[in-house]
1. Running a GNM on the chain with Cα contacts under 10 Å, which residue among 256, 376, 398 ends up with the highest mean-square fluctuation?
2. Hey, what angle do you get for helix 159-171 against the long axis of the chain, alpha-carbon based, 0 to 90 degrees rounded to 10?
3. Share of antiparallel DSSP beta bridges in the chain, in percent to the nearest 5?
4. Could you look at the chain and say what percent of its accessible area is carbon and sulfur, using a 1.4 Å probe and all protein chains?
5. On a 0 to 90° scale, report how tilted helix 413-428 is relative to the longest principal axis of the chain, with both axes built from alpha carbons and the result rounded to the nearest 10.
6. Quick one: work out the % antiparallel among DSSP beta bridges in region 1-140, nearest 5.
7. Show me the ranking of peptides 28-38, 184-194, 54-64, 271-281 by mean Cβ neighbours inside 10 Å, starting with the highest.
8. Quick one: which of 339/374; 204/374; 152/268 span more than 24 angstrom between C-alpha atoms?
Amino acid sequence: MKKLMECREKEILDVLGKAGYEAYFVGGCIRDAVMGRDGGDVDVATNALPEQIIDVFSSYRVIETGIKHGTVTVLVDDIPVEVTTYRSDGTYSDGRHPDSVEFVKSLEEDLARRDFTVNAIACDAEGNLTDPFGGAEDIEAGIIRTVGDPEKRFREDGLRIMRGLRFAAVLGFEIEEETALAMARNKGLLKEISVERIFVEFKKLLAGEHAGNVLRKYVDVLSDVLPEIVAMKGFEQHNPYHKYDVLEHCIRAMEAVVTTAENATEMKMVALLHDVGKPDTYFMDDEGIGHFYGHPKKSEELVRGILQRLKADKATLERVTTLVRYHDLIFDKDERLLKRWMNRLGPEVLMEILEIKLADNIGTGNMSPELGRKFADIRDMMADILAQEQCFSLKDLAVGGNDIIALGVQPGPEVGRILAELLEAVIEGECENEKEALLARAKHLC
Ligand code: ATP
Ligand code: MG
């Protein structure tokens, strides 16, 4: 809480207070401060009306974000802070948007419209909490519980079901029993929610440290929006390589995958979805062993469908489907093989495939220590190729198209063929990556 009291944004509370208005930090920033976590944005609730907020902050940069909903964004040293007038949401006839929002007089009424107790705490400029629904106690106990009757709250806004799962995954909290039961009973409401909003929450859920446990317990809640994931649940593999059913295997892969800050969400998505095509490709041989021939391609197809349905951006769609398609790629401690794949897919993608493949093996529950060492060696080998700037693609080659044309070759596909053969010779170690040697070789290829 101390950190929150010292943040730049507190100026907003002070300015509103000096102007005679009530003003509180509310929502996620209080939850995170009570937990001692570094939070994201801070939100402010006030009894000032939107026009009054604009007036008070006339010397600040202000963006009229959602005047109709009572929200004005005020910039403090370029930090955007959403300042929202106390409001209660009207009825939700479509389970998505309040038909109207009504400005209300008291902070308590504003807190009552909020989704979960842990999100319904306010804090004034002195650091005093207003917590009418026992949010701090629920944070202490690690519980996600709706403010008021969960049935009613989910029916007002079905997205809260996804938000509840997301908070459980990010915070590592348990979902209170009545809240969890109401999520299951009302999961069909998610069909009415915009896919974009669902996808945002799903990505945040996956990024959560405890996503695996939430999926183990509550995957059925996703049956209307992500039925492909639910289909993996309980699907036994009958294969000696695998200890777990398909979903548990994928969750373990997701928990094991090594990621960077930039690729974490995508990599977890790939790990969770890489075997989504298994139920459709399963067959059992005469010995009673299960096989899934062609499942990477089937998984790719299904994942493409899922991401198109969720309106994922093109870059995410391409990256995730590529990694799913190649998740079964055969890796060996063979520099030439690695360079060919680095050329074909790009070194970054290949490194990610390696990490997915490692996670896939860990997720079987049967990975041998030798295999772990082999992965580490391959990772080192790729890192060395990159660090030493060894040639594995046309752009690394010491000759280019113009050099080949200068030898008298007609511009066109013939130039490409010769360059490709030269690259192959360099990768094979048959020719140094030096201009003279390459041109001498090229003369034989013309
Ligand atoms: P984070 O910013 O970390 O994602 P947050 O709790 O701040 O989490 P926001 O989506 O920023 O979540 O919303 C701010 C606050 O607004 C929430 O803490 C909650 O009190 C309220 N809120 C947001 N969405 C809803 C909703 N669908 N129904 C009810 N209250 C909501
Ligand atoms: Mg927030």
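1. The residue with the greatest mean-square fluctuation here is 398.
2. Helix 159-171 sits roughly 70 degrees off the main axis of the chain.
3. Looking only at bridges with both residues in the chain, the antiparallel portion is about 80 percent.
4. In the chain, the share of accessible area belonging to carbon and sulfur is 49 percent.
5. Between helix and principal axis, roughly 90 degrees.
6. If we restrict to bridges inside region 1-140, about 85 percent are antiparallel.
7. 271-281, 28-38, 184-194, 54-64
8. Beyond 24 Å: 204/374; 152/268.
The values are calculated or read from the model by the stated rules, or taken from the named source; none is laboratory data. Every value quoted in this text rests on a predicted model; they were computed, and no experiment measured them. When we count neighbours, we look across all protein chains shown, and the Cβ atoms used for this are built from the backbone with ideal geometry, even at glycine. The accessibility values were calculated without ligands, DNA or RNA, using every heavy atom of the protein model including side chains. Shrake-Rupley method; radii C 1.70, N 1.55, O 1.52, S 1.80 Å.
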